[in-house]
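These notes concern the structure reproduced below.
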There are 2 protein chains.
Amino acid sequence: MDSRTTWQDEPMELVTIEDIRAAATRIAGVAVRTPLLPCLWGDADRPLWIKPENLQPTGAFKIRGAHNAVSQLAGRPVVAHSSGNHAQALAYAARAAGVPATIVMPDSAPTVKIERTRALGAEVVLVPIAERETRAAELVEKLGAAFVPPFDHRDIIAGQGTVGLEIAEDLPDAAVVLVPISGGGLASGVATAIKALSPSTQIIGVEPELAADTEEGLRTGTQAHWPLTDRTRTIADGLRMEPSELTFAHLSAHLDGVVTVTEDEIRAAVRTIAYEARLVAEPSGAVTVAAYLNRATKLPKGPTVCIVSGGSVDPTMFATLIT
Amino acid sequence: MDSRTTWQDEPMELVTIEDIRAAATRIAGVAVRTPLLPCLWGDADRPLWIKPENLQPTGAFKIRGAHNAVSQLAGRPVVAHSSGNHAQALAYAARAAGVPATIVMPDSAPTVKIERTRALGAEVVLVPIAERETRAAELVEKLGAAFVPPFDHRDIIAGQGTVGLEIAEDLPDAAVVLVPISGGGLASGVATAIKALSPSTQIIGVEPELAADTEEGLRTGTQAHWPLTDRTRTIADGLRMEPSELTFAHLSAHLDGVVTVTEDEIRAAVRTIAYEARLVAEPSGAVTVAAYLNRATKLPKGPTVCIVSGGSVDPTMFATLIT
């Protein structure tokens, strides 16, 4: 954990494998324990497994962290702001934990995402997008609620880390695990688990070239901040966030590297995953497979795991990508 | 098992739960132990889970039975004839068991299916379609091999039954399990396991209306034989076989009923499974979801499991179905 001092002077408490084990106990029966899927289409030097987190009930890994967080709040109501995926994950996790959830969503959010969040029992408050943070803060105050962020929290990171715990249990001799990076909650948790349980396994982050702020930050030793207008260029709409100080600290401490992939490589990976692995992946969830298929020279040889993080994709876009 | 006497006089030894438990031990680590996926889009009276057998390495449940059969042959080579799915399943299972496999395929089989079977280490013998049975018999003789049929064998049925064993373990209070019927190997094994472990669970077979010979046979008490030209009308190309005496005996003994679905309902189910469950299912694999969505009045209320049996679908057809 010495590498933390390369980017900030104050020590920061990182998530531990014990935190992740505790999270695994909490989320059992709420999140699906996804299997590792052996893929016949891997190359001989790098046998391939997919960890299909798109099969979680709300379509992505995010219910793991959300439920780990809400289940420790002793019944306090929860509040979040989100335009979609975190909203559904938190609503699902809160319902499973028996706590009320209020989600502030921009009034421009797609109707289907609003409806799905409501169907999971959450109260949805629609506001102009510029007001969502202040409105969430007001609701926290008024309801005596806990604010649950999408990634910048130790309990969220620990919950997402259960993905890594399961990989280490199922394939202890993995040579490399590929994980998408956006805000860094998933990558931080997975890297923590893998490095604790299987130190010889390389853990490699994957970003779109068009949103590669973390690749730059880890390469230079100082977190890079790309303008949001740059990061929103990629088709991988789930990978447009940047890490917080907390997640960047975990990534600095534990990641072995970051590779980047092009937009065309991401599109092709969605198609490959559909026809070879029989899974519907969103572009953000497919970047690891894009890296596997196109960046072999940057990856160690040996058993390889690609985390396919989610499958929330617009039907029209998906049909276009696979044809 | 008294119902067997309604269709033949000689007793026939049916597969038992002990056979299925032994199969589960043999296939561990070869077949994926698929999870039950909770679906948020089920109706309130019938909470829905999917058993995603399309996630098996060769795209369908068939490796379970194939590996259970080949692993009991003490290293004897195996021979089969198949135009595709059974070929790949047997090749995969034989490679895992370390035995040579020779597959007789029609010279009209799609190149991709031939290549994939060869890639799994099997020897492929291409013959005119009319000669495949005689050629397979010759090879059995010449190689001292065992012939492995796609469904008409107790070891195959016991292997497919592990799907039901896993469902009973994961959701012991299921009210109903829906299973596709073609040759009946999967339905026979699953029904045997469910009735042994969870007698109150209803096990319902599903057929296309256009290939509903088993529905007719069980309703009348005598196996029905539909002309192959009738059975090939359905888009569900994996459901065009008819049961053997052996599988029909299991279905007579254990199934609680059969429902049928239309071609339009099958197409719509493929789309629903893609966008709601994030899985690529072939039409044959989607019939259970078609029944769930359209035949609720014929099904008991309560927790419901749909077995999605496979995902080997032509990309062009799949893209058409989901748009």
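The values are calculated or read from the model by the stated rules, or taken from the named source; none is laboratory data. On a predicted model such as this, the values are computed, not experimentally measured, just so you know. Here the Cβ positions follow ideal geometry from the backbone for every residue, glycine too, while neighbour counts run over all protein chains shown. Each accessible area value is taken on the protein alone, full model and side chains, heavy atoms only, with ligands, DNA and RNA left out. Shrake-Rupley method; radii C 1.70, N 1.55, O 1.52, S 1.80 Å.
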* **Computed accessible area, residue B:220, all protein chains, 1.4 angstrom probe, square angstrom** => 80
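Please calculate how many Å² of accessible area the range B:140-235 carries per residue, with a 1.4 Å probe and no DNA, RNA or ligand atoms counted.
With the other protein chains kept in place, the range B:140-235 gives 35 Å² per residue.
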* Asked: How many partner chain Cβ atoms sit within 10 Å of a residue's Cβ in peptide A:31-37, on average, as a whole number?
  -> 3
* To do: Using only protein heavy atoms and a 1.4 angstrom probe, determine the accessible area buried between B and A, summed over both sides, in Å² to the nearest 100.
  => 2400
* Asked: Taking the Cα-to-Cβ direction at residue B:119 and at residue A:219 and moving 7 Å from each Cα, how far apart do the two end points lie in nm?
  -> 3.3
* Mean accessible surface per residue for the range B:58-120, computed with a 1.4 Å probe while every protein chain stays in place, in Å² -> 34
* Shielded residues, the range B:274-304 - accessible-area loss of 10 Å² or more between chain alone and all protein chains, probe 1.4 Å -> B:274, B:275, B:276, B:278, B:279, B:280
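Let me confirm one metric for peptide A:53-66, namely the mean number of other chain beta-carbon atoms within 10 Å of its residues' beta-carbons.
Mean shielding by partner chains, rounded to a whole number: 2.
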* Using a 1.4 angstrom probe and counting only protein chains, how large is the accessible area of residue B:254 in Å², to 10? -> 40
* **Inter-copy label distances at residue B:152 (7 Å, Cα→Cβ; nm, one decimal)** => 6.7
* Asked: Taking amide hydrogens as modeled 1.01 Å from N in the peptide plane, which residues meet the under 5 Å criterion relative to residue A:104, leaving out close sequence neighbours?
  -> A:80, A:81, A:82, A:125
* Asked: For the range B:74-154, what is the relative contact order in percent, using Cα pairs closer than 8 Å and at least 6 residues apart in sequence?
  -> 37
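For the cross-link pairs B:62/B:195; A:62/B:51; A:195/B:113, which exceed 32 Å when the distance is taken from alpha carbon to alpha carbon?
Long pairs (Cα-Cα over 32 Å): A:195/B:113.
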* residue B:43-residue B:73 pseudo-label distance in nm [points 7 Å out on the Cα-to-Cβ vector] -> 4.6
* Using a ≥ b ≥ c from the Cα gyration tensor of the range A:33-168 (square roots of the eigenvalues), is it rounded, prolate or oblate, where a/c under 1.5 gives rounded and otherwise the larger of a/b and b/c decides, a/b for prolate? -> prolate
* Which value, in Å² rounded to 10, gives the accessible area of residue B:306 with a 1.4 Å probe and all protein chains present? -> 0
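Round to a whole number: what % of the accessible area of the protein assembly as shown belongs to carbon and sulfur, probe 1.4 Å? Write down the numbers at each step before the final one.
Details: 12220 of 24330 Å².
Using a 1.4 Å probe with all protein chains present, the protein assembly as shown comes out at 50 percent carbon and sulfur.
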* Those lysines that a straight Cα-Cα span of less than 18 Å connects to residue B:142, excepting residues fewer than 8 apart in one chain -> none
* To do: Taking H placed 1.01 Å from N in the peptide plane, check which residues at least 5 places from residue B:58 or on another chain put their amide H under 5 Å from its amide H.
  => none
